[in-house]
Structures are given as structure tokens and as C-alpha cells.
Amino acid sequence: MGRIIFHIDMDAFFAAIEELDNPNLRGKPVVVGADPKGGKGRGVVSTANYEARKYGIRSAMPISEAYRRCPHAVFLPVRGERYHEVSRQIMALLKQYTPLLEPVSIDEAYLDMTHSPRLFGPPEQVAREIKKRIREVTGGLTASVGVAPNKFLAKVASDLQKPDGLVVVPEDRIEEFLWPLPVGRLWGVGERTEPILESLGLRTIGDVARTSPEELVRRFGSWGYQLWELAHGRDNRPVVPTWKAKSISQETTFERDIDDEEAMVQTLLYLADGVTRQLRDEGLRGRTITVKIRLEDFSTFTRSQSLEVPTDRFADVSRVVLDLFRRFDRRGQRVRLLGVGVSNFEREHRQLTFLDQLEESRDRVDEIIDLVRRKFGESSIQRGITAGRGKRKGKAPG
Ligand code: TTP
Ligand code: MG
């Protein structure tokens, strides 16, 4: 049997929270991000609600352009603390469905539901229940859910009927689902690659799947082979819960390649904030800080620096991030993507929840016993073969 992966992504997350906290905003175009200063502002859009998207306003677009497109929109500053509070509520809820939960960003996570005891009945039913529970715990936010045999397909599926969507891709209908979709749905294919693929006569994902992999490798290098695999709906990447992760990172691809240093700095700080919050939520501290930069010609660079002392502090990470970024010479090129990561964790500092630890030590009896003893005291558990022999303290059972 194949896997059952859920991808859950909140709808217009920051803007939806603003609407939740201020119902007067409903029905109006809402843009969350930098201050537009009457069209002269610098920086970018964090997100826009669906009303504002009708004007073509998108995440990571210059705020000045958003203002030009819709000057009468309600422009609001980012309230990070509040959004993270809601994010934590949602992640805690999702964790009740499986410990194999991989948060990808503030409003998005993969769940491997294959062996989840919560998966009674058809996955679609559980997906519906999750959507309903998210609405309840947040006080009214909607999520879109994709259910599929792997991460790539689940992510495509969750995006397909946004907002408030639910799309299930059964294992035996992958081609039927995937092949009619435009190439832009493939990972890494954006505004710039799409025309290149189209010039080769490749408009749909099915077109890519029917091209020879050699041809794609010749044009795009090893990425071409990945494209071909994805076009066949193949993706073996496991869902990696944070407690198993080697690094925590977040990245943003800009709607258009950007040249505005201020917007780059704003984005790096946003990413550093997200990554360090995630570290703290998980009780992790890392020594190595990495910045990822993809330029307009797709060349991709990473720059890392290690600290003496592992950290989970925004101040430490953002300082190194900005330093690495300022030392990077982009030779006048525009920036397409920015990422921030922290790795090289100091394991002793992990403060896992008891259930996490149990899950991590599945199949390892010794660790489980150690764990229970640490938690509930030496005499709380005995191995089968030694039970009854040791000196019992307290009341003997039965
Ligand atoms: P997304 O899930 O990409 O966007 P969204 O939830 O606003 O809308 P959608 O319904 O299409 O999922 O990102 C989640 C939040 O992250 C978003 O509300 C704001 C923030 N964000 C930024 O601040 N900058 C960015 O470039 C992006 C993409 C998101
Ligand atoms: Mg979202």
C-alpha cells in the first residue's frame, strides 16, 4: 500500500487573521505588509486577502505596486506575534492526528497519515474533520487540504480549490489528476521557466511527462530529471517531523525578481523570525546559520557561518543572516529567492514532549524504558523478564 500524505495550507493566512480580529474588514480588499506611504513606500506585500487578489495583488510584490493596483485597499502592518499564536494552535491540533507532522511554514504542514490511528475510515472524512476542527479552534479560519500518495501531489492538490478546498488524489488516478494541469504547477516552475517550457511545446504536465528525460536533462541539467519525475507524480521524500530534522529553514520565492535591498532585508528578517520561533517551539538550538540566495539566472548560492554557542535567538540569527547577505556579491542581478536556515543542533537542548520521545524511540525498547523511568520514576516500569523479581516499592499490583 502507498502512503497517505495530507498537505494543509491556511487560506490568506495573515489577512484572514486580521479579518477574524476585525470583522469590519470582511468583504474589503486587505493587504498585510510594509507601509505603502501613499504609494512611495518600500518593502513588500506579506499577503493579501482574496478580495485584494482580484486586483492582482500577491505576496512578495512591492508594496508600491500593490498601492497602485488598489489604493483603496486596507493596508495593515504585520502582527507576527499574533499570527504565530494562531499557527501554534493549528500545529498543536494537527499533532493530535499524527506525530509525523512536518510544519513547512507558519501556515502550512505535511502530515503522514499512513499509519495514523486517527485514520479511521476514508482519508477524505478525516480531512473534513481536520478542516472543521481548525475552524473551531481558531474561531473561523479556513484551511485547504490536499490528500495524496506523496508530498508533491498533496501540495498541488491543496492549492487547487483554494480557498476552503479539499482535493483527494487516489493512487490509481494520478495521471488523470496531474497531466491536464499547466506546467506552472510543477515545483520550481515559475513565471520565468514557464515560457521556456512553452517554447519547447510543453504546456501541460502531461506534455513534460511524455518528453524524454534525456531531452529535459540536456536543457535544464539535473533539475530536468526532477521535473520529469514530478510530471509522473513521483516523489519519495519522507515527511520529516521537526524532532527528526537536521535543520530548520524557510524560504520565499518572490512574485517577481527583486532589486530592492530594503525588501530583501525585510524578507530575510521575516524568515529569520519564522525559523527562530520554530526552533524555540521545538526546544532546539543550532550552531550553523545559512542564507540561500537564488538570482534571476537561477544560479543558487548558500552562505553559512557557525557560532561558538548554539542559539535560538532572533537577534543572533538575524545578525549573521544580514552579515552573510551583505557580504554576498550578486553582481547587479535581481534576486528570485531568499532562504534562511539553522542547523547543527545541540541535541542535549532538545525538550521533546513525552509523546514525541516515545514516537522517536519506537522499536527501541531500552529507550522507551529509560524514558518512562525518567518521567515516572525508577520503579514505574520493569522488563517482562525481570518483573516480579526486583524488590517492589509501594503497592504491588494485583
Ligand atoms: P501562503 O500560504 O503562501 O499564503 P496565504 O496563506 O496568505 O494565501 P493562500 O491562501 O494562497 O495560501 O503564506 C502564508 C503566510 O506567510 C501569508 O499569509 C503571509 C506570509 N508570507 C509572507 O510574509 N511573505 C511571503 O512572501 C509569503 C509567500 C508569505
Ligand atoms: Mg496559506
Worksheet entry | Test result for SER299, within 30 Å of GLN89 (Cβ to Cβ) and of a type in the set (S, T, N, Q) | no
Fill in: The lone exception for ASP329 - which of (1) in contact with a His (Cβ under 6 Å, 6 or more places away or on another chain); (2) open to solvent by 80 Å² or more (accessible area, probe 1.4 Å) it fails
(1)
Worksheet item: In segment 35-53, how many are over 17 Å from ASP164 (Cβ atoms) and more than 10 Å from ligand 1 (Cβ to nearest atom)?
Response: 10
Worksheet item: Filter segment 41-50 for residues that are more than 16 Å from ligand 2 (Cβ to nearest atom) and either out of contact with any helix residue (DSSP H, G or I) (no Cβ under 7 Å at 6 or more places or on another chain) or small (Gly, Ala, Ser) (or both); which is farthest from ALA12 (Cα to Cα)?
Response: GLY41
Discussion item. Quick check on my filter: what residues within segment 305-326 are open to solvent by 70 Å² or more (accessible area, probe 1.4 Å) and under 23 Å from the mean Cα position of the chain (by Cα)?
Written reply: ARG313, PHE314
Item to complete: Tell me which residues, restricted to segment 152-175, are away from ligand 2 (no atom under 16 Å from the Cβ) and open to solvent by 10 Å² or more (accessible area, probe 1.4 Å).
Response: VAL168, PRO170, GLU171, ASP172, ARG173, ILE174, GLU175
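The rows are residues; the columns are (1) within 25 Å of GLN250 (Cβ to Cβ); (2) modelled with pLDDT of 55 or more; (3) touching a Gly at 6+ places or on another chain (Cβ under 7 Å).
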position	(1), (2), (3)
VAL320	yes, yes, no
ASP323	yes, yes, no
ARG331	no, yes, no
LEU338	yes, yes, no
SER361	no, no, no
GLY384	no, no, no
Worksheet item: Just checking, which of LEU284, LEU279, LEU322 is aliphatic (A, V, I, L, M) and more than 22 Å from LYS244 (Cα to Cα)?
Response: LEU322
Worksheet item: Across segment 2-40, what is the number of residues that are over 21 Å from TYR67 (Cα atoms), touching a residue at least 24 places away in the same chain (Cβ under 8 Å), away from ligand 2 (no atom under 14 Å from the Cβ) and not acidic (Asp, Glu)?
Response: 6
Worksheet, complete the sentence: The number of residues in segment 204-239 that are assigned to a loop (DSSP other than H, G, I, E, B) and touching a residue at least 60 places away in the same chain (Cβ under 8 Å) is 7
Response to the item:
The condition from (1) surrounded by fewer than 16 Cβ atoms within 10 Å (Cβ to Cβ); (2) at pLDDT 95 or above; (3) not in a strand (DSSP E or B) that ILE369 misses is numbered (2)
Practice prompt. Within segment 195-248, track down each residue that is under 22 Å from SER105 (Cβ atoms), open to solvent by 40 Å² or more (accessible area, probe 1.4 Å) and not polar (S, T, N, Q).
Written response: ARG237, PRO238, VAL240, LYS244, LYS246
Worksheet item: Consider VAL74 against the criteria (1) open to solvent by less than 20 Å² (accessible area, probe 1.4 Å); (2) of a type in the set (A, V, I, L, M); (3) more than 14 Å from ligand 2 (Cβ to nearest atom): it satisfies all of them except one. Which criterion is unmet?
Response: (1)
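For every residue, the table says whether it meets (1) in a strand (DSSP E or B); (2) of a type outside the set (A, V, I, L, M).
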site: VAL31; (1), (2): yes, no
site: GLY38; (1), (2): no, yes
site: GLY41; (1), (2): no, yes
site: SER46; (1), (2): yes, yes
site: TYR55; (1), (2): no, yes
site: ALA66; (1), (2): no, no
site: VAL78; (1), (2): no, no
site: VAL86; (1), (2): no, no
site: MET91; (1), (2): no, no
Discussion item. Could you go through segment 158-169 and let me know if any residue there is assigned to a loop (DSSP other than H, G, I, E, B), of a type in the set (Asp, Glu), at pLDDT 95 or above and closer than 15 Å to ALA127 by Cα.
Written reply: yes
Discussion item. Looking at segment 252-263 only, could you name the residues that are crowded, with 17+ Cβ neighbours inside 10 Å and under 20 Å from the mean Cα position of the chain (by Cα)?
Written reply: THR252, PHE254, GLU255
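The values are calculated or read from the model by the stated rules, or taken from the named source; none is laboratory data. Remember, it's a predicted structure, so these values are computed and weren't measured experimentally. With ideal geometry, Cβ positions are generated from the backbone for all residues, glycine too; neighbour counts draw on all protein chains shown. For accessibility, only protein heavy atoms count, side chains too; no ligands or nucleic acids. Shrake-Rupley method; radii C 1.70, N 1.55, O 1.52, S 1.80 Å.
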